[in-house]
Amino acid sequence: MAWNWYRTHMTSAAAVTITTALTAITPGNAEAASAAAAEPLLQLVVAQKNITLTRSRGQVFLDPGIWVASRRAPLELRVSRKGYSAPLQINQILRGPSGSTRSRRLPASVLPETPVGLKNFLRLTVKDQVGTVKATLPISFCPNTSDPARLTPTAPNSSPYPLLCGNNPFMLGHVWGVQKDWAADPTDAPPVLPLTPGKYEVTATITPAYVNLFHIPAAHASSKVEVTVVDGQDTGIHSPAPTAASTQVPPQAPPLSRARTVTNPPKDSLPDMIALPAWDISTGTESRRDLLNFAAAVWASGDAPLDIQAFRKDNGSLTMDAYQYFWRNGKVIGQAPAGSMGFESDHDHDHWHYEQFARYRLLDADQKSVVKSQKTGFCIAPTDPINLLLPHAPRQPVLGFAGRCGSPTALWVRQTLPVGWGDTYPADIEGQAFDITSVPNGTYYVEITANPQRVLHERSLTNDRTLRKVILGGAAGNRSVKVSAWHGIDG
């Protein structure tokens, strides 16, 4: 599964674009303007002024414990586009004291090419004891940190925002936010630096474009922490925080006896499975084989989640009978047979795979099958937000595996994909790549198909298949690939 966040640099031209697109409100009168407009008051908050970080193998995970807090009102941002041929837009949602809302368009230049957060929001500067700058790091800020924090006992008890920004290039709609009187760690995935043992001063500064954009008082836009680096063997003291997959408990499933078998479930109880085009396509070699690597995803639209539950056939069986459960208004209204799950012990999986979820093939110019991917089983789980602006999309599902793939001794396995969420399999998964050793150079298509055996009930079958055009070249051991953009997206 793909869980990485990455940082990108913003050019000075982009910073100028942001600044010139702003309203004429300066930090000097920010507090009055924020109160009238119900805007959040952002500030950097330091957890402690002095921290010690352990160096391992010459590297330090630099998390200085400086948080981005949202006072007075939530920071809420909505990223969306009308279709894949349309550009991404980002809007700030401002909430009034009576519950009213208004939307403020932000400049698109705050978004990186793949929308994983606010581009170049923060700058970290590291100085040694004599004031020599050892590093200056631009940091993109994902408000949807995996471990947000309440600031005070009177802060709201929970946050409504998702726990990741996502990095799927085909995202359609997402919500980012920091709850009122909560804070998010902008170094949720800390940068790694080759620092020697000693004392350092780390300064976090919100960049000028965002100071203007969010009307941040100067005193709230910069904070310092004294950092002592020591040698040690512990590589995990300040490693990235655990994802929600390790901190949430899977929801309980309804008993099978309560779900009657249906042959024609109503449409409003069905998901709509949509195959996304392959991306992150490249060539490589392994064990003298030429490989075409790719990432793939299927996501759920429609009115209800995809809910697959499987039950052991009999003692000692390596397969389970799978059933699709149908939901309406938060209740199960029926179930139907939906294929099988098999236990996968190869490639370090050691868990149960649903065997009818998707199919990956390489087609020739006439769209005839040339190579099939060896990956035929899937542990279904929400890994990427694709469109959280859909009416039935939950913002905080149980993310990732969370143990739901099942152990060798499991009697029952449940795998779900909520509305608005996708299940992504990155390009480096063992056994997924196409073996192109004997495939001649030329034009081909990477085909991704959802529900290939048509055993799942869904709202529509017209969007279950996508093609991505590729052109293979090069010689054995050094193959190359050219990938055509898909609706203008080069991911």
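Taking first residues from segment 467-491 that are closer than 25 Å to Pro115 by Cβ and partners that are outside any strand (DSSP E or B) and open to solvent by 50 Å² or more (accessible area, probe 1.4 Å), the Cβ contacts under 7 Å between residues at least 6 apart in sequence or on separate chains come to His487/Ser85; Gly488/Ser85.
Given the criterion open to solvent by 10 Å² or more (accessible area, probe 1.4 Å), in a strand (DSSP E or B) and not hydrophobic (A, V, I, L, M, F, W, C), identify the matching residue among Arg395, Arg414.
Values: Arg395 fails: in a strand (DSSP E or B).
Matching residue, one of Arg395, Arg414: Arg414.
Here Ala304 does not fit the description of being at pLDDT below 95 and either among the aliphatic types (A, V, I, L, M) or buried (at least 16 other Cβ atoms within 10 Å of the Cβ) (or both). Taken together, Ile380, Ile333 contain a single residue that is open to solvent by 40 Å² or more (accessible area, probe 1.4 Å), in contact with a Ser or Thr (Cβ under 8 Å, 6 or more places away or on another chain) and within 26 Å of Arg459 (Cβ to Cβ), which is Ile333. Filter segment 185-232 for residues that are farther than 22 Å from Lys119 by Cα and open to solvent by less than 20 Å² (accessible area, probe 1.4 Å) and give the result. Residues satisfying the conditions are Leu195, Tyr200, Val225, Val227, Val229.
Output yes when any residue across segment 147-164 is in contact with a Cys (Cβ under 8 Å, 6 or more places away or on another chain) and within 18 Å of Pro74 (Cβ to Cβ), and no when none is. Yes, some residue in segment 147-164 is in contact with a Cys (Cβ under 8 Å, 6 or more places away or on another chain) and within 18 Å of Pro74 (Cβ to Cβ). The residues listed here are Ile448, Ile436; of these, the one that is buried (at least 17 other Cβ atoms within 10 Å of the Cβ) and more than 24 Å from Pro382 (Cα to Cα) is Ile436. Within segment 112-136, the residues that satisfy the criterion of being more than 16 Å from Ala221 (Cα to Cα), of a type outside the set (S, T, N, Q) and surrounded by fewer than 21 Cβ atoms within 10 Å (Cβ to Cβ) are Pro112, Glu113, Lys127, Asp128, Val130, Gly131, Val133, Lys134, Ala135.
Of the residues contained in segment 40-57, one or more are found to be touching a Ser or Thr at 6+ places or on another chain (Cβ under 7 Å), in contact (Cβ under 8 Å) with a residue 24 or more places away in the chain, crowded, with 17+ Cβ neighbours inside 10 Å and part of a loop (DSSP other than H, G, I, E, B).
The values are calculated or read from the model by the stated rules, or taken from the named source; none is laboratory data. Keep in mind it's a predicted model, so treat the numbers as computed, not measured. All Cβ positions, glycine included, derive from the backbone under ideal geometry; neighbour counts span all protein chains shown. For accessibility, only protein heavy atoms count, side chains too; no ligands or nucleic acids. Shrake-Rupley method; radii C 1.70, N 1.55, O 1.52, S 1.80 Å.
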